[in-house]
1. Spin-label point model (7 Å from Cα, Cβ direction): what's the GLU50 to ARG241 distance in nm?
2. Taking the Cα centre of the chain as origin, work out the dipole magnitude from +1 charges on Lys and Arg Cβ and -1 charges on Asp and Glu Cβ, in debye rounded to 20.
3. Using unit Cβ charges (K, R positive; D, E negative) and no other charged atoms, how large, in debye to the nearest 20, is the dipole of segment 192-271 about its Cα centre?
4. Using only the Cα atoms of the chain, what are the Rg and Dmax in Å?
5. Straight-line reach only, C-alpha to C-alpha below 13 angstrom: list the aspartates and glutamates that LYS102 could link to, leaving out same-chain residues fewer than 8 apart.
6. Would you kindly calculate the translational diffusion coefficient of segment 129-271, applying Stokes-Einstein with the Kirkwood radius from alpha carbon pairs, for 10 °C and a viscosity of 1.306 mPa s, and quote it in µm² s⁻¹ without decimals?
7. I'd like the distance between the alpha-carbon centres of segment 213-266 and segment 100-120, rounded to an integer number of Å.
8. For the chain, what is the mean residue ellipticity at 222 nm derived from helices alone (per DSSP H run of n ≥ 4: -39500 (n - 2.57); sum divided by total residues; nearest 500 deg cm²/dmol)?
Amino acid sequence: VDGAFYDLPSVVIDDVGRTTHGRHVLLLTDYDGTLAELAPTPAEATISAELQADIAEVEALPSVTFGVVSGRRLSDVRVRVGPEVEYVAGLHGLEIEGPQSKFHHHALDAVVPVIGTLVQAARQALAWCPGIYFEDKTYALTCHVRLAPSECAARALLEFETLAEPQTDADVLKTMSGAKALEVLPATDWHKGRAVEWIRARVEARVREPVSVVYLGDDRTDEDAFRSLGAVDVAIGVGERPNGALIDWRLEGPACVDRFLGEFVRLRRRE
Ligand SMILES: [Mg+2]
């Protein structure tokens with residue numbers, strides 16, 4: 001990808017300054033590929049010390065509320081980003097935790113036995129594929145093939161999809177493709193965009209005025225969040241995946257997100 005394809009953090013900050021001037025900002029960000037570099041396995045994707053320090057500074061800003069919206073389990077994200085983060089949404093928004101507020105989608109509990117059966121079946125049926133890894137999220141299951149040889153990866157994902165077909169055909173589960181991964185999760189119309197709306201409503205009730213949302217994300221699932229944004233919000237894609245029609249700006253990766261957060265702190269301190 002050509003370098004000119006990406007926007008400079010300083011240019012993005014100028015727009016964020018103009019668009020959000022005088023308003024409380026709800027800064028929401030995805031985790032994998034946005035705050036943390038993508039790693040061979042989910043366990044290895046951690047945040048740099050610099051970024052962790054910038055997040056702490058964002059958290060300390062009185063005119064900003066910070067949150068992380070991820071496909072991981074909420075508890076997993078919480079361990080990675082720290083207890084200070086005000087809002088954490090897991091499972092693409094199906095579970096959310098904030099100050100004095102919690103959301104647990106009603107469709108989650110019903111799929112627990114279905115996911116349990118599928119985990120066992122998939123581990124057996126796909127044992128032929130070296131490097132395959134199943135992330136059992138209790139309410140969802142992700143099949144990762146980042147470590148599998150490329151000639152096996154596509155076939156393994158297809159087989160995984162076929163195994164889940166009775167449940168996806170019956171609208172109990174739906175599939176979602178990610179970076180070198182395929183996930184099955186409850187078939188609902190809830191997604192990251194609905195999670196953004198849920199969190200925005202709670203923050204607006206607390207600060208008693210409309211807020212501006214600044215959202216950063218790198219994946220197809222973040223496009224639902226981008227679609228939920230309006231004129232006083234800023235949509236920032238990270239990396240090459242997000243659809244250009246849905247975002248205002250594009251940063252190259254977590255290192256640029258770190259620079260952006262540093263400049264965002266300085267911008268907000270000036271206001
Ligand atoms: Mg991501």
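Values in this text are rule-based calculations from the coordinates and carry no lab data. A quick note: this is a predicted structure, and the numbers were derived from the prediction, not measured. Here Cβ is always computed from backbone atoms with ideal geometry, including for glycine, and neighbour counts include all displayed protein chains.
1. 2.3 nm
2. Numbers: 28 positive and 43 negative charges, 110 e Å.
Here the chain has a charge dipole of around 520 debye.
3. The calculation lands at about 380 debye.
4. 18.7, 58
5. Cross-link targets: GLU86.
6. Working: Rh = 17.5 Å.
After rounding, the answer is 91 µm²/s.
7. First find each Cα centre; the distance between them is then 29 Å.
8. Working: 9 runs with 103 residues, N = 271.
Estimated from H runs of four or more residues: -11500 deg cm²/dmol.
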